[in-house]
Amino acid sequence: MSTDNDLFPVDEATLARLHARLERDADTAGILDVAYRTVDSPVGPLLLAATPEGLVRVAYEREGFDDVVRALADRISPRVLRAPQRLDAAARQLEEYFAGTRHTFDLPLDHRLSSGFRQTVQAALPSIEYGHTLSYGQVAALVGNPKAVRAVGTACATNPLPVVVPCHRVLRSDGSLGGYVGGADAKSALLTLEAA
């Protein structure tokens, strides 16, 4: 029994050229709604995704990259394509951050994956300076709702832009780490990087 690959043999270089053309043509035609790529980092591989408005998602491998891409297709648009070029600036800034030479991110962000109080909390997180931390209670007070400590925890846990929107800088009131989408080891590594 023959397969399509037997009938139409295509080498890797040809596939790469065809994919690059598809990426370019989709972007030029304005039909590339979500571009994504993966990057290596000291806390493991990260998936980056962007819409024309900006970076919309940063995901840890433990979240399941295929699941994340499916969720983006469901929540934003089915027109999702691995298109690394749109994410060059984000990849470069993350590389600089992990090298210790960047302390803030200067990227357009698309916040559509959050709403309400969660979005309010996530919008406040970049005000926590590099190398500093706040407690969940302090963040609740910062956003004007000091009793919403658990809701702040939920907002941090559902942050679609970890690392870039620094939910890792939020700790429990006793100074312990608390939860983190990338896991305790990743949160600890980020805090250690920033403390150096």
Any chance Gly179 is touching a helix residue (DSSP H, G or I) at 6+ places or on another chain (Cβ under 6 Å), touching a residue at least 24 places away in the same chain (Cβ under 8 Å), open to solvent by 30 Å² or more (accessible area, probe 1.4 Å) and over 23 Å from Ala99 (Cβ atoms): yes
Condition first: touching a residue at least 12 places away in the same chain (Cβ under 8 Å) and under 15 Å from the mean Cα position of the chain (by Cα). Can you find one or more residues in region 125-137 that meet it? yes
Which residues, counting only those in region 147-195, are touching a Ser or Thr at 6+ places or on another chain (Cβ under 6 Å) and more than 24 Å from Gly54 (Cα to Cα)? Leu171, Ser173
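For every residue, the table says whether it meets (1) touching a residue at least 40 places away in the same chain (Cβ under 8 Å); (2) aromatic (Phe, Trp, Tyr); (3) in a loop (DSSP other than H, G, I, E, B); (4) within 25 Å of Gly153 (Cα to Cα).
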| residue | (1), (2), (3), (4) |
| --- | --- |
| Arg92 | no, no, no, no |
| Glu96 | no, no, no, no |
| Arg102 | no, no, yes, no |
| Leu107 | yes, no, yes, yes |
| Arg118 | yes, no, no, yes |
Within region 161-175, residues being outside any helix (DSSP H, G or I) and either among the basic types (Lys, Arg) or under 24 Å from Tyr97 (Cβ atoms) (or both) number 10
Identify, by number, the condition in (1) surrounded by fewer than 22 Cβ atoms within 10 Å (Cβ to Cβ); (2) hydrophobic (A, V, I, L, M, F, W, C); (3) under 23 Å from the mean Cα position of the chain (by Cα) that Val149 doesn't meet. (3)
In region 56-68, residues that are closer than 16 Å to Val181 by Cβ and either in contact with a Phe, Trp or Tyr (Cβ under 6 Å, 6 or more places away or on another chain) or not in a strand (DSSP E or B) (or both) total 7
Are any of the residues in region 69-84 surrounded by 17 or more Cβ atoms within 10 Å (Cβ to Cβ) and part of a loop (DSSP other than H, G, I, E, B)? yes
Quick one: in region 132-160, which of the residues that are touching a Lys or Arg at 6+ places or on another chain (Cβ under 9 Å) and part of a loop (DSSP other than H, G, I, E, B) is nearest to Asp174 (Cα to Cα)? Thr133
A careful count of residues in region 182-196 that are outside any helix (DSSP H, G or I) and surrounded by 21 or more Cβ atoms within 10 Å (Cβ to Cβ) gives 1
Does region 170-179 include one or more residues that are modelled with pLDDT of 95 or more, touching a Gly at 6+ places or on another chain (Cβ under 8 Å) and of a type outside the set (D, E, K, R)? yes
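The values are calculated or read from the model by the stated rules, or taken from the named source; none is laboratory data. Computed from a predicted model, the values in this text were never measured in an experiment. Positions of Cβ are backbone-derived with ideal geometry, glycine not excepted, and every protein chain shown enters the neighbour counts. Quick note on the areas: whole protein, heavy atoms, side chains included, nothing else; ligands and nucleic acids left out. Shrake-Rupley method; radii C 1.70, N 1.55, O 1.52, S 1.80 Å.
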